[in-house]
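For reference, the structure discussed in these notes is given below.
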Amino acid sequence: MPQRGNILFLILLAVVLFAALSYAVTSSTRGGGNDVSDEKAKTEAAQIMQFGTLMENTVMRLLTSGNCSDSQITFSNTVYKTYAGAALDTSNPNSPPDKHCQVFDQAGGGVSAQVMPANTLTSPSGGLPTAGHVQFLSIKWEGVGTSAPDLVMRVPFLNAKTCQQIDQAIYGSNAILQDGIGGWAYYNGGYSGTGVIGDEEPMANSRRSGCFQWPGGGLGANDIHYYHVLIAR
């Protein structure tokens, strides 16, 4: 009987340990929330910033050697969507039909539309972009180029730790930049946005990228986004 009891105890112990291990593995691979580890946040931050650099370099190549004007660049794709499942507005009626000015086409930039690691909102509006689904906006970055609106990439709804790692890499401080950014418009070959980035944060003035939180936004701690200038005008 004692031997049987010992065997049952060992089996029960093995089951408990296996369950604990499974939970640990699941927790470590779960994406996107504010509870991500520092190392995971650094990896996500690097991925987002590298994609921003890739997009800027691709757009510059299309402008300088691709026979495209800034009003002809287009980001048409079938990847980036709203929470309701509709395609984000990436059309451009000025773009040539042969697609040589399309960033996400082999005839043009040849870049793959990538979804970036980001937070998950619990009760998002259906019209908002899905977290990590990239937007391309017309908005002015303070101190960059002229007073005209710029073409800016935005990665929406990042978790706080990833945003802190981005701002640490760019600005040398992990304090998330605060800016009530509004008045932007989707870039569709024209520049109709009236908003400004960086006018409330002297540190961001004349820079071309960074992570910002809109402190007065209705989404609170979820209102955190990465911005990167693709064309300064």
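The values are calculated or read from the model by the stated rules, or taken from the named source; none is laboratory data. No experiment lies behind these values; they were computed from the predicted model shown. Backbone-built Cβ (ideal geometry, glycine too); neighbour counts: all protein chains shown. All accessible areas refer to the heavy atoms of the entire protein, side chains included, with ligands and DNA or RNA removed. Shrake-Rupley method; radii C 1.70, N 1.55, O 1.52, S 1.80 Å.
Please work out the FRET efficiency for the pair ASN67 and ASN205, using the Cβ-Cβ distance as r and a Förster radius of 30 Å; give the result to the nearest 0.05.
E between ASN67 and ASN205, to the nearest 0.05, is 0.35.
Summarise the accessible area of the stretch 126-233 (1.4 Å probe, protein heavy atoms) by the percent that is carbon and sulfur.
Details: 1830 of 3640 Å².
Percent of accessible area from carbon and sulfur atoms in the stretch 126-233: 50.
Give, in nm to one decimal, the length gained when the segment between ASN174 and SER112 is fully stretched (0.36 nm per residue of separation minus the Cα-Cα distance).
Between ASN174 and SER112, full extension yields 19.3 nm more.
What shape does the stretch 125-233 take by its C-alpha gyration tensor, where a ≥ b ≥ c are the square roots of the eigenvalues and a/c under 1.5 counts as rounded, a/b above b/c as prolate, and the rest as oblate?
oblate
Full-extension gain between ALA46 and ASN94, please, as 0.36 nm times their residue separation minus the C-alpha to C-alpha distance. All intermediate terms of the calculation are to be shown ahead of the outcome.
Working: separation 48, 0.36 × 48 = 17.28 nm, distance 3.31 nm.
Taking ALA46 through ASN94 to full extension adds about 14.0 nm, to one decimal.
Tell me, what is the per residue accessible area of the stretch 116-233 in Å², probe radius 1.4 Å?
35
Where does the charge balance sit around ALA113 when Lys and Arg score +1, Asp and Glu -1, over other residues with C-beta under 13 Å from its C-beta?
Every neighbour counted, the sum reads 0.
LYS161: which lysines have alpha carbons under 23 Å from its alpha carbon, excluding same-chain residues fewer than 8 sequence positions away?
Here the lysines satisfying the reach criterion relative to LYS161 are LYS40, LYS42.
Below 22 Å, Cα to Cα, which lysines can LYS99 reach? Residues fewer than 8 away in the same chain don't count.
Correct list for LYS99: LYS81.
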